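To start, the structure itself, in structure tokens.
The values are calculated or read from the model by the stated rules, or taken from the named source; none is laboratory data. Remember, it's a predicted structure, so these values are computed and weren't measured experimentally. So basically every Cβ, Gly included, is an ideal-geometry build from the backbone, and we count neighbours across all protein chains shown.
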Amino acid sequence: MQKIVILSFVPSTLLAENIKLDDIVVSATKVSQTIEDTTASAQVITKEEIRQRGYVSVIDAINSFAGVGFTQNGGMGGLTKVYIRGVGGGRVLVLVDGIRFQDPSSKYGADFSRIMLSNVERIELISGAQSGVWGADASAGVINIITTKAHNKGFHNGINLQYGSYNTQEIGAYSSYKNKKYSAKLSVNQYKTDGYSSQSPYGSDIDNYEDDNYKNRTIDISLGYNFTKNDKITVQAIDILTKNNNDTYSVGKGTENVDMEVRTKTHLYNIAYNKKIQNNQINLRYNRAEFKKDELDAKKGIKNYKGTTDEVELHDTIQYGEKNYMLVGASYKGDNIEITKVNKNHSKHDIDSNALFFTNNNFINKFIITESLRRDDYSNFGNKITGKLGLKYNITKESSIKTNYGTGYNAPSLLMILNPNGKPNNNLEAENTKSFDITGEYKGASLTYFYNSVDNLISYNKREKQHINIDGTSTFKGIELKYSSAIGNDFYYDLSYTYLLAKDKNGIDLRRRVKDTYKVSMDYYFNEKVNLNFNGEYIGKRYDDMLSIKDPAKTKGRQTGEYFIGNIVTNYEFNNNSNLYLKINNIFDRYYQVVDGYSTSPRAFYIGLNTNF
């Protein structure tokens, strides 16, 4: 029965590998817990399933979660926005090993095109307003990307190779070492592809346009030292360089064949000290994230962007009882942006904030109760108090019901206010969010109803060329249905369906939100060495134009939905340490566009090898 319970929370690969539920942890409250012990609406995908399904980009993996959608301007390197239950962009907090991956010099939050999957151990998704735990950027939810660590004693090494369509090449290697006192890990990954034209008019042949290439080089190094069994210090640095050619509107007309070379540099740093004193677990950490983007061929607007976030946090987790705990803490965050226009006009801007936060978690018979409260004080927006309340009741070992209510807010970024490529809006206000969900779970099935309301939703008015607040309350409500099971010992499947209604105060649909989304993943094991995975999604109606502005258009714009995309992956296990895979993306060669005027890949073929030693 334990296997079926696992399936209700995590991908089927874990079932195949007989991993116990207690092995899966999430960080919904900044404290590691099993999914079984959290009230949050949480989903997890592991490194094993990422490889089994042949995912390459973080978007591929995140999009496998129920309730998640995305838009992408072209292929690898294109602007990507993730939506959790219809709410997205900068409202989704993205963490990489606890470091905020929100670029303060961007209007859109995290730049997912900079993150590759070869070094990722697992990805956690927490849906709903999480500002009561994490602050402003988490009004829609939290995505926590966790990289591989030196878990096992001794030396461990690995290599990954891939080649495929569009002259796509990837090579990566990692090495780790751990003993009683020390731990270390180094990983290096190089990815490049000739790609395809990022822009093409709907219905046209992308072969008629030039290719837009993409390159990514990522280095990740981490060190750990145990002074005693209760004192540990860790240091980590991640360095990411990307280069791509984009068809861009900042160059001029006829953009499908006009390239602008874009280079980005990302540096993530973390130093953390952990000290255990009886029932207290004290954590002190400093994070720094640096983002730089150079649009080398820009003829107007901004040419160089630089954003920096410094964060210091101290918190204490106080254990009382077997599983009960209380977390109290304080933090400081400073955001800085520097922008240089084509005319060499240079400017700098800063925002600072301080926070106090508190979380309490109790197990009372069959109930789990979690309460969180947080106060943030901003240098330019005053103070905000947000909270979260979660309750779970375990009816039996195989069934439960849980509910969450949270409040959140999303402060407009400096670049939204300044809007150097359009009109500034100094009157832009922060959004206020309320979210509610209730979930019933039984064996491998779960049904969730969610309702999110956002006051003063921030959007972009194409006509006025500035960011505005949509007056009144925009609502995002719907259901998530998930079912996972097995047929015999060889066939496993995961199914999900999301129904979403995203509307402004006048009942007008918000653009680029999908009403009906179906997702499927099926695994068949021919024997111990060979398995076949089929994964895909059906996207229902989705309209590209923006209706929710002060002067709404009469048309919904192009309909960019109503299609099914399927992918297939065959894995061959040489032994416990090596596997060869062949994958076909978009196996039915379906023509579609996620964003009107931006290309997507036709059928593509890839072959790869993973080995550990």
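Miscellaneous remarks
- Pairs meeting the criteria (first residue in the stretch 77-104 and under 26 Å from ASN213 (Cβ atoms), second residue among the acidic types (Asp, Glu) and surrounded by fewer than 24 Cβ atoms within 10 Å (Cβ to Cβ), beta carbons under 6 Å, at least 6 apart or on different chains) are ASP103/ASP111.
- Hey, ARG51 charged (D, E, K, R) and farther than 21 Å from LYS215 by Cα or not: no
- Residue in the stretch 357-380 that is modelled with pLDDT under 90, surrounded by fewer than 16 Cβ atoms within 10 Å (Cβ to Cβ) and touching a strand residue (DSSP E or B) at 6+ places or on another chain (Cβ under 7 Å) present: yes
- Selected residue [over 19 Å from ASP97 (Cβ atoms) and either in a loop (DSSP other than H, G, I, E, B) or touching a residue at least 40 places away in the same chain (Cβ under 8 Å) (or both)] from ASP316, ASP297: ASP297
- Listed by first and then second residue, the pairs with beta-carbon distance under 7 Å, at least 6 apart or on different chains, first residue in the stretch 127-152 and on the phi > 0 side of the Ramachandran plot, second surrounded by 24 or more Cβ atoms within 10 Å (Cβ to Cβ) and not in a strand (DSSP E or B), are GLY141/GLY128; GLY141/GLN130.
Results for (1) in a loop (DSSP other than H, G, I, E, B); (2) surrounded by fewer than 21 Cβ atoms within 10 Å (Cβ to Cβ), shown as yes or no for each residue.
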site	(1), (2)
LEU95	no, no
ALA110	yes, no
ILE123	no, no
VAL142	no, no
LYS149	yes, yes
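- Filter result for the condition that a residue is in a strand (DSSP E or B), farther than 30 Å from ARG590 by Cα and modelled with pLDDT of 90 or more, over LYS292, LYS215: LYS292
- Some residue of the stretch 528-540 being over 27 Å from the mean Cα position of the chain (by Cα) and buried (at least 18 other Cβ atoms within 10 Å of the Cβ): yes
- Any chance VAL328 is among the β-branched types (Val, Ile, Thr) and under 26 Å from VAL94 (Cβ atoms): yes
- Residues of the stretch 36-45 that are buried (at least 22 other Cβ atoms within 10 Å of the Cβ) and either free of Cβ contacts under 8 Å to residues at least 60 places away in the same chain or of a type in the set (Ser, Thr, Tyr) (or both): THR38, THR39, SER41.
- Every residue from the stretch 106-139 that is in contact with a helix residue (DSSP H, G or I) (Cβ under 6 Å, 6 or more places away or on another chain) and within 26 Å of LEU414 (Cβ to Cβ): LYS107, TYR108, GLY109, PHE112, ILE115, GLN130, SER131, ALA138, SER139
- Every residue from the stretch 53-68 that is surrounded by fewer than 24 Cβ atoms within 10 Å (Cβ to Cβ) and either in contact with a Ser or Thr (Cβ under 6 Å, 6 or more places away or on another chain) or part of a strand (DSSP E or B) (or both): SER57, ILE59, ALA66
- Answer from SER484, SER474, SER496 - the residue that is small (Gly, Ala, Ser), closer than 30 Å to MET416 by Cβ and either in contact with a Leu (Cβ under 7 Å, 6 or more places away or on another chain) or surrounded by 17 or more Cβ atoms within 10 Å (Cβ to Cβ) (or both): SER474
- When the stretch 569-592 is filtered for residues that are farther than 22 Å from THR71 by Cα, of a type in the set (A, V, I, L, M) and surrounded by 17 or more Cβ atoms within 10 Å (Cβ to Cβ), only VAL569 remains.
- If only residues of the stretch 173-225 that are more than 23 Å from LYS243 (Cβ to Cβ) and of a type in the set (Lys, Arg) are counted, the one that is nearest to the chain's Cα centre (by Cα) is LYS185.
- Residue in the stretch 515-540 that is modelled with the lowest pLDDT, counting only those that are in a loop (DSSP other than H, G, I, E, B) and farther than 21 Å from PHE588 by Cα: GLU528
- Candidates ASN343, ASN304, ASN287, filtered to the one that is of a type in the set (S, T, N, Q) and surrounded by fewer than 16 Cβ atoms within 10 Å (Cβ to Cβ): ASN343
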